[in-house]
Amino acid sequence: MELNTYQNKSYRAIPDHTSKKDETLHWCIGLSEEVGEVISVVKHHYYGGEELNKEELVKEVGDVLWYLSTLCTTCGINLDKAAEINMKKLIHRFPDDEFDNDQ
């Protein structure tokens, strides 16, 4: 699935907010909570001696993506464009590494 397609479809699942500030803070707080849940899955694997629960990790990474997508939409940021800009930054930062822009 393309990031823009995901961004457009997933934004339909949001509740109404009283203001742009309220909505933006909601997505920032939710994003930080979901990143914490990703960290928890990894922590249990490395420090709790548990097998890595990839199914749970995928779910939590998906939640991170959703909150990131909604934050971007609220702020007028296109996810595809953000990925493109980030790739340019990576190419600049790591010029000796090979990046395939067609993948």
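Data table
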{"item": "Top-ranked residue of the stretch 36-60 - restricted to ones that are open to solvent by 60 Å² or more (accessible area, probe 1.4 Å) and touching a helix residue (DSSP H, G or I) at 6+ places or on another chain (Cβ under 8 Å), ranked as farthest from Asp80 (Cα to Cα)", "result": "Glu50"}
{"item": "Test set (1) surrounded by fewer than 14 Cβ atoms within 10 Å (Cβ to Cβ); (2) in contact with a Gly (Cβ under 9 Å, 6 or more places away or on another chain) - Asp16 fails condition number", "result": "(2)"}
{"item": "Every pair of residues 6+ apart whose Cβ atoms lie under 7 Å, when the first sits in the stretch 74-92 and is within 30 Å of Ala13 (Cβ to Cβ) while the second is at pLDDT 95 or above and small (Gly, Ala, Ser)", "result": "Leu79/Ser69"}
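Yes or no, residue by residue, for (1) under 21 Å from Tyr6 (Cβ atoms); (2) of a type outside the set (S, T, N, Q); (3) at pLDDT 95 or above:
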{"site": "Val38", "(1), (2), (3)": "yes, yes, yes"}
{"site": "Val42", "(1), (2), (3)": "no, yes, yes"}
{"site": "Gly49", "(1), (2), (3)": "no, yes, yes"}
{"site": "Glu56", "(1), (2), (3)": "yes, yes, yes"}
{"site": "Val64", "(1), (2), (3)": "yes, yes, yes"}
{"site": "Ile91", "(1), (2), (3)": "no, yes, no"}
{"site": "Phe94", "(1), (2), (3)": "no, yes, no"}
{"site": "Phe99", "(1), (2), (3)": "no, yes, no"}
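The values are calculated or read from the model by the stated rules, or taken from the named source; none is laboratory data. The structure presented is a predicted model; accordingly, all values stated were derived computationally and were not measured. Every residue, glycine among them, receives a Cβ derived from its backbone with ideal geometry; neighbour counts consider all protein chains shown. Calculation scope for accessible area: heavy atoms of the full protein, side chains included, ligands and nucleic acids excluded. Shrake-Rupley method; radii C 1.70, N 1.55, O 1.52, S 1.80 Å.
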